[in-house]
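The values are calculated or read from the model by the stated rules, or taken from the named source; none is laboratory data. Small disclaimer: the values here were computed from a predicted structure and weren't measured. All Cβ positions, glycine included, derive from the backbone under ideal geometry; neighbour counts span all protein chains shown.
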């Protein structure tokens, strides 16, 4: 019998939107399956070209409704005093409007990210007090590297974070300047440490819960076995998913893949990258008490048994090699239904079907639609025919399977 003693946490996902045209290009509201994510934020990084002061209240309310109605949060990066003034005015208009009741009751879905590399800590303190006086539901966040740059020591910077006590602390650990500051300010940070080791060490030293930290933007360079000439392996991505489940921290991804090192939701042609399927597969396991193993996780609810099978990071399987898993000693009827989804090179890994070498090639929209329709995880459904027999599953190199067993 498995011991369901691991309680998973809720990952927070921040999708970087650098230009408003990216939202239009990706057709984001109709295309992205936001239900795949437990807690998701669209992070608007660049407000310079939006002319916020000219936006009508109706336009703002319509936009916020379109986001919030999809169970999505909105995060806005604030880099200047003028940007804050514009955002503050919009929030005041919404607060005082008799036509914005739905938005007023959903302001916890809004997050303001103060960029401390552009704003002084004094201004951030003043701005955060203003927002809290208007609406305490609005979430607040700050960029840690900016706080470090404005502090005399790491101890002083961490004290500032504790004093602010914001909902999230964003750390851009992959930036060389950030790591150089940490090396210089604290003896526990070593140059040979990986990005993720530096990130974890900062959380440890800060004595702030991991759930309040956000790895600002994850790229493929963070992964140990990443090679620029081949797609990232599923074992690497699944290792990342396991960290998200156990730590419940936040992480940022690009919306659209625009260079070979970016980890994104969509590729250059706005077709899903495998990352979105991994979130779809782990969704049944989020916030649950389950059994976790290096090759699988298992969760059992009142109606179904959920299993996720994958190769561990250190298991470098050859092309012809596979692993076999046997589920036995269960109490299921012969009418039980088994649903299986398989993610591999032939099903769902778009970088094998449409490699980055095509990024500068014109491809007809009709052809892209066919490629998109064919690049999905394989789905199968089976019915048990023998009572109390073992169930056998096999996964090959660079493959992952989600299995749901439903007793009838």
Hits in segment 340-360 - residues which are surrounded by fewer than 17 Cβ atoms within 10 Å (Cβ to Cβ) and either in contact with a helix residue (DSSP H, G or I) (Cβ under 7 Å, 6 or more places away or on another chain) or not assigned by TED's automatic domain parsing to the domain that holds residue 402 (or both): 345
Filter pass, residue 184 being farther than 20 Å from residue 243 by Cβ and surrounded by 14 or more Cβ atoms within 10 Å (Cβ to Cβ): no
Whichever residue in segment 95-105 is part of a helix (DSSP H, G or I) and more than 29 Å from the chain's Cα centre (by Cα) and, among such residues, is nearest to residue 120 (Cα to Cα): 95
Which listed residue is within 22 Å of residue 340 (Cα to Cα), surrounded by 21 or more Cβ atoms within 10 Å (Cβ to Cβ) and touching a strand residue (DSSP E or B) at 6+ places or on another chain (Cβ under 9 Å), from 282, 276: 282
Subset tally (residues that are crowded, with 17+ Cβ neighbours inside 10 Å and under 19 Å from residue 346 (Cα atoms)) for segment 222-235: 5
Where residue 211 falls short, out of the listed (1) without any contact (Cβ under 8 Å) to a residue 40 or more places away in the chain; (2) surrounded by fewer than 20 Cβ atoms within 10 Å (Cβ to Cβ): (1)
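Being within 23 Å of residue 275 (Cβ to Cβ), touching a helix residue (DSSP H, G or I) at 6+ places or on another chain (Cβ under 7 Å), in contact (Cβ under 8 Å) with a residue 12 or more places away in the chain and not assigned by TED's automatic domain parsing to the domain that holds residue 262 narrows it down to one of 371, 363, so name that one.
Criteria check complete, one pass: 371.
On the given criteria, is residue 87 closer than 27 Å to residue 178 by Cβ, part of a helix (DSSP H, G or I), touching a strand residue (DSSP E or B) at 6+ places or on another chain (Cβ under 8 Å) and modelled with pLDDT of 95 or more?
no
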